[in-house]
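Working notes, structure below.
The values are calculated or read from the model by the stated rules, or taken from the named source; none is laboratory data. Please read all numbers here as calculations on a predicted model, not as lab measurements. Cβ placement follows ideal geometry from the backbone for every residue including glycine, while neighbour counts extend to all protein chains displayed. Each accessible area value is taken on the protein alone, full model and side chains, heavy atoms only, with ligands, DNA and RNA left out. Shrake-Rupley method; radii C 1.70, N 1.55, O 1.52, S 1.80 Å.
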Amino acid sequence: MDILVINSGSSSLKYLLFDMGNEGVLAKGIVEKIGEETSFLKHSAGENEITREAKAPDHDAAFDLMIQALLDKGHGVIQSTDDVSAVGHRVVHGGETFVESTVITDEVKQTIEDYFPLAPLHNPPNLAGIRAAQKAFPSVPHVAVFDTAFHQTMPKRAYMYALPYELYEEDRIRKYGFHGTSHRFVSMRAAEILGIPRGEFNCITCHLGNGCSLTAVRDGKSVDTSMGLTPLEGVVMGTRTGDFDPAIVFYLARRRGYSLDEMDKLFNKQSGLLGLSGVSNDMREIHEAAEGGNERARLAIDVFAYRVRKYIGAYMAVLGRTDAIVFTGGIGENACGVREAICTGLEPLGIVFDSGKNAATRVEEAIVSGADSRVTVMVVPTNEELLIARDTLAVAEKTAVKT
Ligand code: ADP
């Protein structure tokens, strides 16, 4: 059974086609610069790779390009669109409505639209992708997999902000959390690797990529997470501030006369590792600059690691018993120096880090703590697309049984 996984952004369409028989990737690609004068298609299937310019003024056109590539006699992998059994869609915000992946009905689309104000950059292109995909594959189930859904098990004390209660009731202001599919995938996989039943597994998952978030997982469920109403809250990220004193907003407005839009850009696009280092938002470039003696680059890594370490401490207190700390995402999987800065010197908390094993671990499943560590520290590469494909298959099969 072939499952197509779609991640539709404002100017790009990413896709992966899985053969669920062996969970192998048959083809993957991206249409970039949708809506611009010239768009690009990158497509690969096994050894075959193509990149070409194309016209994709909107998401419907981007879907046409993807379908042409999948059907192509040379680099294609399917004979007809009927070979695709179901389509899974990454949707960023499911608010309080969606606690798990769901088959997409008109009502589901309406709810995704109702949440536009909570995710103005993500939910509109996600919905545009769903509409285009339903036109392109009209007779198969489409399934939405929400970034927020995994965190809907958080208790109220974890998701409420100490604002007047009406703002929660009337404006839905609360912590939602994101990266849920990644936190779910790596926590499940870590439990499997350690041979602990998922429903009894307590861990802290650290998704450190361009966006970064940590989640406290108790008995396999999210009980707290570092991102909030929006992905701005939490640890330091590539270009986002993470936690900071909200009074900085008033101070900047009064002192510099910054507008809301200017501050939105400042906190989301110009801060974080980029703002601190002045070098880049990319950890590899910051690391290189730090090695070369750049003080601000060193400081950026230092602040980044310190904040993650603080969250780990907080979440160990939340969980009581922590079986594992799990690193994932581009930085979590690759940057051994950052993992080391986060985890060393925590023996009093039961974390005995193995620097040797850690230094040898890149983008692979591995345990990087010592045998005598009460808390296992691990690296588990994330695979959100595979989990979306698995969910899509499960939901599609359940729906087929019902009808
Ligand atoms: P996204 O959140 O966009 O999916 P990724 O998970 O790919 O991003 O993470 C991107 C981050 O991972 C960047 O900061 C990048 O520098 C970092 N990264 C990737 N490879 C390495 C590496 N070998 N060493 C250090 N950092 C790395």
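What the table shows:
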read-out: Electrostatic dipole magnitude of segment 296-374 [Cβ: Lys, Arg +1; Asp, Glu -1; Cα centre; debye, to 20]; value: 380 debye
read-out: Greater than 24 Å apart at Cα, pairs in Lys33/Lys135; Lys14/Lys109; Lys175/Lys310; Lys221/Lys310; Lys135/Lys221; Lys33/Lys265; value: Lys135/Lys221
read-out: Positive-end residue of Leu71, Ile50, Gly330, charge dipole of the chain with Cβ unit charges; value: Gly330
read-out: Leading residue at positive end of dipole, segment 1-129 (Cβ point charges), from Asn22, Gly35, Ala128; value: Gly35
read-out: Longest site-free stretch - the chain; sites: GluC sites (Glu not before Pro), DSSP loop, at most 16 other Cβ within 10 Å; value: 101-363
read-out: Value at 222 nm in deg cm²/dmol, rounded to 500, when DSSP H runs of n ≥ 4 in the chain each add -39,500 (n - 2.57); value: -12000 deg cm²/dmol
read-out: Antiparallel %, DSSP beta bridges [both residues in the chain], to 5; value: 70 percent
read-out: Carbon and sulfur %, accessible surface of segment 125-187 computed with the full protein complex present, 1.4 Å; value: 54 percent
read-out: Sparse-neighbourhood loop sites, trypsin sites (Lys or Arg not before Pro) in segment 234-319 - DSSP loop, at most 14 other Cβ within 10 angstrom; value: none
read-out: Additional length obtainable on full extension of the chain from Thr344 to Glu100, 0.36 nm per residue less Cα span; value: 84.2 nm
read-out: Candidates Phe250, Phe40, Phe116: whichever shows maximal mean-square fluctuation once the chain is modelled as a Gaussian network with Cα springs under 10 Å; value: Phe250
read-out: Cβ-Cβ FRET estimate between Ser355 and Met188, R0 fixed at 30 Å, reported to 0.05; value: 0.60
read-out: Using alpha-carbon coordinates, inclination of helix 384-402 to the longest axis of the chain, degrees; value: 50 degrees
read-out: Nearest-20 debye value, segment 122-188 charge dipole, Cβ charges on Lys, Arg, Asp, Glu; value: 220 debye
read-out: Calculated FRET efficiency for the pair Glu113/Ala314, C-beta based, R₀ 30 Å, to 0.05; value: 0.25
read-out: On Cα atoms only, tilt of 247-256 relative to the major axis of the chain in degrees; value: 90 degrees
read-out: Proximal lysines to Lys73, defined as alpha-carbon separation beneath 20 angstrom and excluding residues fewer than eight positions away on the same chain; value: Lys28, Lys42
read-out: Full-stretch length increase - Leu121, Ala371 - with 0.36 nm per residue and alpha-carbon distance subtracted; value: 85.5 nm
read-out: Gained length - Asn48 relative to Val249, 0.36 nm times residue gap less alpha-carbon distance; value: 67.3 nm
read-out: Distance in nm between pseudo-label sites at Leu260 and Lys28 (7 Å out along the Cβ direction from Cα); value: 3.8 nm
